[in-house]
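So the structure is just underneath, and the comments pick up after that.
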Amino acid sequence: MAKKVMKKKVSKKVVRRPAVKKKVVRKPVTVRKISKKVVKRSAKRSRPKTTQVKTVTRNASGGKRVNWILVLLISIFLGIFGVDRFLMGKIWTGILKLLITLSTVFVFGWIWWLIDVILIASKYNFSGVVWVD
């Protein structure tokens, strides 16, 4: 007698493994002091919000308080290079005055210098500037 070889039917089951959760490592919450205020910053945010503290003395009208005699003396001696404009807080016009003076080899710079000396001596009301005696 011949033995019959019985074949076992093997069912192929797809074994699904449970999804592995990645551990989320969070940085600890940092605490910073900004001008006597405690600001908590979460580590989740990509860009923290910061506050800027300006140290420029300003009056109630919002202008920069500038000593009139100091600006006049600096304008007389170094005004051709735009230092008086930098002192009054007018950075871009100071750079422009410096570039015009240097690029024209002092030809047109002295005209702007003379106008600025006259305006500062007469206490002209520049925007954003308050004259202090």
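Laboratory data are not the source of any read-out in this text; all were calculated from the coordinates shown. Given the structure is predicted, the values throughout are model-derived calculations rather than measurements. Reconstructed Cβ throughout: ideal geometry from the backbone, glycine too, with neighbour counts over all protein chains shown.
Table for the structure above
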{"quantity": "For PHE106, PHE126, PHE81, order by how many other beta-carbon atoms lie within 10 Å, fewest first", "calculated": "PHE106, PHE81, PHE126"}
{"quantity": "Under 5 Å, built H, 5+ apart or other chain: amide partners of VAL132", "calculated": "VAL66, ASN67, TRP68"}
{"quantity": "The range 64-132, relative contact order in percent, only Cα pairs under 8 angstrom and at least six apart counted", "calculated": "42"}
